[in-house]
Amino acid sequence: MATLVRRLRTSVAPMIDVTDPYFLRLTRLISPFGNHQLWTEMIHANAFSRGRIHLDPVKLAQNLPLRELEDFADNVVVQIGSSSPQDAHEAVDTLVKLGVRNINLNCGCPSRNVQMGAFGAVLMKTPTVVADIVSAMSE
């Protein structure tokens, strides 16, 4: 019996002011075959641990493609930014409860604002911190 390999035709990278929930919904509607991966804009992990974003349905809907999670969860990737293992852990815990199946730690954003927050590309200077964050995310 042949094994069917599922291929993703496209992967929409996280882009600030572009890959918001409305854009992700449009992308999914134009190609409803489930053959692409949709990435959210980066959400700072402390939006969950300190900002309690998940308790405000309006703010949550502005940041997460909740409608897409209902039937497209395998193809949605939520990207978080953090320099704190505890904040990252809390964000992942909350996101999983919301139905998110794929979570990515931003270690590549070169933005000056992001670097001043000690996350994004600047994390690559401290691999032990990245290891601690990833370990906390997987607990």
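Quick check for me: using +1 on Lys/Arg Cβ and -1 on Asp/Glu Cβ, what's the dipole size of the chain about its Cα centre, in debye to the nearest 20? Could you put the intermediate results ahead of the total?
Working: 13 positive and 13 negative charges, 64 e Å.
The calculation lands at about 300 debye.
Kindly rank 76-82, 88-94, 33-39 from highest to lowest mean number of other beta carbons found within 10 Å of each residue.
Packing order, densest peptide first, comes out as 76-82, 88-94, 33-39.
For the stretch 69-108, report the accessible area per residue in Å² (1.4 Å probe, heavy atoms, rounded to an integer).
41
If you take the Cα atoms of the stretch 1-126, find Rg, then find the Kirkwood Rh from the mean of 1/r over all pairs, what is Rg/Rh?
1.00
Divide by every residue of the chain the summed helix terms, -39500 (n - 2.57) for each DSSP H run of at least 4, and state the resulting mean residue ellipticity at 222 nm, rounded to the nearest 500 deg cm²/dmol.
Rounded to the nearest 500, it is -11000 deg cm²/dmol.
Run the accessible area of the stretch 1-90 with a 1.4 Å probe and give the carbon-and-sulfur part as a rounded percent.
About 56 percent, which is the carbon plus sulfur part of the accessible surface.
Taking H as built 1.01 Å from N, whose amide H comes closer than 5 Å to the amide H of GLN79, not counting residues under 5 places away?
When sequence neighbours closer than 5 places are left aside, the close amide H contacts are THR40, ILE43, ASN104.
The values are calculated or read from the model by the stated rules, or taken from the named source; none is laboratory data. What you are looking at is a predicted structure, and each value in this text was computed from that prediction instead of being measured. Using ideal geometry, Cβ is built from the backbone for each residue, glycine included, and neighbour counts are taken over all protein chains shown. With ligands, DNA and RNA removed, areas are computed over all heavy atoms of the protein, side chains included. Shrake-Rupley method; radii C 1.70, N 1.55, O 1.52, S 1.80 Å.
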